[in-house]
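To start, the structure itself, in structure tokens.
The values are calculated or read from the model by the stated rules, or taken from the named source; none is laboratory data. Worth saying up front: this structure is predicted, and the values here are computed from it rather than measured. Because the Cβ atoms are built from the backbone with ideal geometry, glycine has one as well, and the counts that use them run over all protein chains shown.
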């Protein structure tokens with residue numbers, strides 16, 4: 001379980017990966033808006049291409065501004081290295097195809113982001129990679145789903161949209177007994193709230209578009225290598241341990257050990273597939289990450305206050321957040337999220353599907369949109385938007401009730417969020433009179 | 001490649017090229033608790049520029065089997081045996097920290113096969129605090145944390161990396177946590193023959209120091225250089241973990257010397 005820095009998280013978020021540049025002394029991170037890098041000599045260029053030396057060749061593979069973001073995220077998570085990508089989805093795709101080839105198999109949590117489920121269920125299947133979905137905290141189901149050709153176990157640390165917390169240590173124990181790593185999408189958690197590697201996770205993936213950036217202006221993904229998985233012990237991952245022809249038969253495990261996984265991604269996926277993050281995007285995300293710790297404290301504080309307020313409202317039929325005792329994974333949340341299990345919550349309003357619509361339409365401050373993790377409070381009524389083509393029975397089967405309202409609680413003054421919600425609830429209430 | 005040394009399977013990194021014992025061979029010797037990977041950004045260059053590379057994991061370290069060796073003298077003899085097994089004919093020895101103590105012990109046993117020796121962030125003696133050894137006996141991870149806090153210079157402590165996207169502190173920590181760190185540290189503590197060994201050698205010698213080295217500070221490295229009558233270079237803004245921390249400048253300092261002494 002790599003610990004990458006002896007600095008505190010607030011300091012890492014501000015400094016890690018960059019010191020004032022020697023040419024101009026720029027205190028802020030410069031944007032290296034360049035496609036390519038001049039080689040000092042022909043031999044220098046050849047050495048960079050052959051991974052004899054570290055450095056930059058072409059911004060599809062590495063870029064100095066993106067590298068600063070990567071090193072900062074690695075330090076925040078406590079990992080051995082990070083590769084940033086164009087989006088969270090490309091980070092997941094690259095992770096899966098680095099560990100799996102045609103004929104291989106993944107075990108995934110049932111309750112995950114819809115696009116990730118589609119990737120696992122349909123897109124990867126087209127490439128010959130199968131996936132079995134299980135309730136991830138059901139140890140019997142998880143053990144039963146792992147096959148000889150299973151290459152990884154995947155889950156989200158806080159599942160979307162049911163807000164169930166994955167029992168990471170228990171999942172890791174089962175995966176490691178079978179010689180396979182645990183990959184966790186920690187987007188809802190951020191390293192500020194849960195240090196996944198300290199709970200046995202091997203690889204962390206983020207949509208840094210969300211809380212990590214926080215401003216809602218840039219799309220990006222990150223893959224963090226925990227550095228502790230022994231790829232050589234079980235021999236189940238030939239992409240990491242076996243000779244790789246394009247680099248003179250290099251074995252990433254023998255050559256790089258704790259950073260073998262991300263080095264393989266850099267050498268293969270970033271080069272061949274090109275899902276790179278732009279330097280300008282990396283700069284924007286760095287601005288957000290500088291205040292990650294402060295923002296997450298405020299997100300969690302507001303989520304707790306809004307949850308407690310909602311529980312007292314007659315027009316609210318139910319409230320779900322992992323910090324509430326009736327959430328089925330509350331005890332796990334207490335163990336893994338000592339400062340609070342994030343700022344996503346769900347609740348129901350009177351008036352069923354129409355009540356939910358009325359609530360959303362009446363809001364004046366909070367934004368009705370399909371994103372999470374912005375500093376502003378974001379609200380969505382799945383029954384009238386993302387899941388509007390489903391009938392009630394199909395939605396309930398997917399874990400979404402018609403009255404469900406999903407809230408990504410922002411960092412505004414909590415009184416203003418509550419005032420806006422009062423207006424929304426009154427609108428929903430009028431439908432029932 | 002895997003070779004058998006003293007009945008144990010031994011992993012030797014060859015820099016990504018097939019090992020050819022007839023070529024001049026650069027032998028990279030790792031420090032306490034580390035392995036061949038600390039030389040990843042030096043060994044590969046030599047392997048693709050006319051040299052063979054021989055970077056073993058010592059017994060009980062990372063990819064090599066067997067029980068860890070208890071003294072620097074035993075490690076020196078083991079290295080010579082490994083080079084004999086591999087059939088190496090022309091040798092440049094390069095050692096980091098404890099690795100150079102091993103080089104000092106091996107050098108006198110290699111005769112005219114040895115062409116040069118290079119010390120990277122090292123000294124003739126490496127005394128070790130007893131509390132650090134005691135910590136390492138209980139938890140290699142905790143001891144590694146203490147060493148890495150001292151071992152890396154200020155730039156790396158602030159998250160800089162010579163390899164884009166990587167965090168060398170985490171990489172070093174993982175390697176050291178899984179290896180017999182306490183045994184290596186005790187071997188360093190108990191080794192006292194370094195100065196006399198250094199004074200007895202007459203091979204071309206190269207000493208590469210780091211100006212922020214807190215574990216084998218520069219003045220000790222300069223004393224070693226004096227004993228060896230060595231070429232000296234000092235790398236700025238770097239700490240004790242030179243091969244990982246300043247890989248390019250370390251490589252430049254090794255290769256210019258090795259090339260000069262290969263003709």
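Structure summary
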quantity: Hey, residue A:348 assigned to a strand (DSSP E or B) and in the same structural domain as residue A:419 (by TED's automatic domain parsing) or not; calculated: yes
quantity: Selected residue (only one of A:311, A:324, A:286, A:294 is buried (at least 23 other Cβ atoms within 10 Å of the Cβ) and at pLDDT 95 or above); calculated: A:286
quantity: Residue selected from the stretch B:47-74 under the condition in contact with a helix residue (DSSP H, G or I) (Cβ under 9 Å, 6 or more places away or on another chain) and outside any loop (DSSP other than H, G, I, E, B), by the criterion farthest from residue B:102 (Cα to Cα); calculated: B:52
quantity: For residue B:16: the one exception among (1) in contact with a helix residue (DSSP H, G or I) (Cβ under 8 Å, 6 or more places away or on another chain); (2) at pLDDT 95 or above; (3) within 14 Å of chain A (Cβ to nearest Cβ); (4) assigned to a loop (DSSP other than H, G, I, E, B); calculated: (2)
quantity: Residues satisfying the stated conditions in the stretch A:64-89, i.e. out of contact with any strand residue (DSSP E or B) (no Cβ under 8 Å at 6 or more places or on another chain) and within 8 Å of chain B (Cβ to nearest Cβ); calculated: A:64, A:67, A:72, A:75, A:78
quantity: Single match in A:29, A:62, A:98 (criterion: touching a helix residue (DSSP H, G or I) at 6+ places or on another chain (Cβ under 6 Å), crowded, with 16+ Cβ neighbours inside 10 Å and under 24 Å from residue A:231 (Cβ atoms)); calculated: A:98
quantity: Residue satisfying condition, being part of a helix (DSSP H, G or I), buried (at least 24 other Cβ atoms within 10 Å of the Cβ), under 17 Å from the mean Cα position of the chain (by Cα) and at pLDDT 95 or above, within set B:224, B:251; calculated: B:224
quantity: Of residues in the stretch A:2-29 being touching a residue at least 40 places away in the same chain (Cβ under 8 Å) and more than 8 Å from chain B (Cβ to nearest Cβ), the one nearest to residue A:182 (Cα to Cα); calculated: A:9
quantity: So residue B:160, is it within 14 Å of another protein chain (Cβ to nearest Cβ) and more than 26 Å from residue B:59 (Cβ to Cβ); calculated: yes
quantity: Residue list for the stretch A:346-373, restricted to those being more than 14 Å from residue A:401 (Cα to Cα) and touching a residue at least 40 places away in the same chain (Cβ under 8 Å); calculated: A:358, A:359, A:360, A:361, A:362, A:363, A:364, A:365, A:366, A:371, A:372, A:373
quantity: Residues (more than 14 Å from chain B (Cβ to nearest Cβ) and over 13 Å from the mean Cα position of the chain (by Cα)) located in the stretch A:215-239; calculated: A:215, A:216, A:217, A:218, A:234, A:236, A:237, A:238, A:239
quantity: Flag for residue B:244 being part of a helix (DSSP H, G or I) and under 18 Å from the mean Cα position of the chain (by Cα); calculated: yes
quantity: Number of positions in the stretch A:374-433 that are touching a residue at least 12 places away in the same chain (Cβ under 8 Å) and either at positive phi or assigned to a helix (DSSP H, G or I) (or both); calculated: 22
quantity: Residue in the stretch A:97-114 that is under 24 Å from residue A:252 (Cβ atoms), in contact (Cβ under 8 Å) with a residue 60 or more places away in the chain, within 23 Å of the chain's Cα centre (by Cα) and within 14 Å of chain B (Cβ to nearest Cβ) present; calculated: no
quantity: Residues (assigned to a helix (DSSP H, G or I) and either at pLDDT below 95 or crowded, with 18+ Cβ neighbours inside 10 Å (or both)) located in the stretch B:191-210; calculated: B:194, B:197, B:198
quantity: Answer residue from the stretch A:51-61, given it is touching a strand residue (DSSP E or B) at 6+ places or on another chain (Cβ under 9 Å) and more than 13 Å from residue B:161 (Cα to Cα) and is nearest to the other protein chains (Cβ to nearest Cβ) among those; calculated: A:51
